[in-house]
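To start, the structure under review is shown below, and the notes come after it.
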Amino acid sequence: MTNLVDLLGLGDRELVSLVGGGGKSTMLFGLGDELSSTGKRVILTTTTKMGRYQTTELTNICWSADMDCVVDALDRPGFTMLVTGGDDHKVTGPPPEVVDHLFADSGADYIVVEADGSHGRPLKAPASHEPVVPSQTTMVVILMGIDAVGQTLGEVTHRVDEAVRFTDLEPSHVMTATDCASVLVHPDGALRCCPPGSRVLVALTKVKSEADHRTAQAVTEAILAATPHVAVVVVPSTP
């Protein structure tokens, strides 16, 4: 089984913002399980929206960003899921400045934030108001599902108009590894919202087969050629 903490190279204390597409919630809860199992005090939350169904079976949900409530929740076993609103279909979390405050003063060892939405698509080209990344973020992880390669831009991308603007490609264009890389690390994309001093990592997810690994290698090479300061990791799918 993939150890996400080691794969991402997390330090002793981090505020991690997950952006892009292709498995943010899976990584969010995976990190929560791994970190809390070692006795770390962990908050999971979102600065956008998540499906309510993703929280229905969780046992340690904090429904307020009030500091006392959060600190009490952190004393319970397992990770703390911080939710501050929502409806029958979606839940919402605190604004980014509140996440910053909690990272500074709650005593949490780790806060992991789903800071973007992608409507289930493997690739995201964010609009000007996205992603919603807290300013004290220490690591930004930009995710992409490897299944984006080989399908059309219109099929695999959330915010198709933005992706067209980034690449000058048509929605019917079949995306290559280089095309996907150009969306992931476009200067007007997720990189625009990475706080100064934060580490930036691209995570290629849903990698199952040897063919997927070859595709991931091609995407990695294209990213490193365009932005050498951005590290890339491959996240194998677990059986």
Checklist outcome for this item: Quick P(r) readout (segment 186-239; Cα-Cα; 5 Å bins; whole %) gives 4, 18, 25, 22, 15, 10, 4, 1
Checklist outcome for this item: Heavy-atom accessible area with a 1.4 angstrom probe orders Arg52, Arg165, most exposed first, as Arg165, Arg52
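May I ask what percent, to the nearest 5, of DSSP beta bridges between residues of the chain are antiparallel?
Roughly 15 percent of the DSSP beta bridges within the chain come out antiparallel.
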Item to check | Members of Lys49/Lys124; Lys90/Lys124; Lys40/Lys90 lying beyond 24 Å, as alpha-carbon distances in this model show | outcome: Lys40/Lys90
Checklist entry - Quick one: what Rg and Dmax do you get for segment 15-154 from the alpha carbons, in Å? => result 14.7, 49
Checklist outcome for this item: Excluding ligands, DNA and RNA, the carbon-plus-sulfur percentage of the accessible area of the chain with a 1.4 Å probe reads 51
Checklist outcome for this item: One finds, for Asp68 and Ser135 with R0 = 22 angstrom and r their Cβ-Cβ distance, a FRET efficiency to the nearest 0.05 of 0.40
Checklist entry - Rounded to the nearest whole Å², what accessible area per residue is found for the chain with the 1.4 Å probe? => result 44
Item to check | Intensity falloff of segment 129-184 expressed as log10 I(q)/I(0), Debye formula with alpha-carbon point scatterers, at q = 0.27, 0.28 Å⁻¹ | outcome: -1.09, -1.14
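Using only Cα atoms, what Kirkwood radius does the chain have, in angstroms?
Values: mean 1/r = 0.0558 Å⁻¹.
Hydrodynamic radius (Kirkwood, Cα pairs) of the chain is 17.9 Å.
How high is the FRET efficiency between Thr59 and Ala211 when r is their beta carbon distance and R₀ equals 35 Å, given to the nearest 0.05? Please list the in-between numbers first.
On the way: r = 39 Å, r/R0 = 1.12.
Computed FRET efficiency for Thr59 and Ala211: 0.35.
The values are calculated or read from the model by the stated rules, or taken from the named source; none is laboratory data. The model shown is predicted, which means the values in this text are computed figures rather than measured ones. All Cβ positions, even for glycine, are placed from backbone atoms using ideal geometry, and neighbour counts span all protein chains on display. Heavy atoms of the whole protein, side chains included, go into the accessibility calculation; ligands, DNA and RNA do not. Shrake-Rupley method; radii C 1.70, N 1.55, O 1.52, S 1.80 Å.
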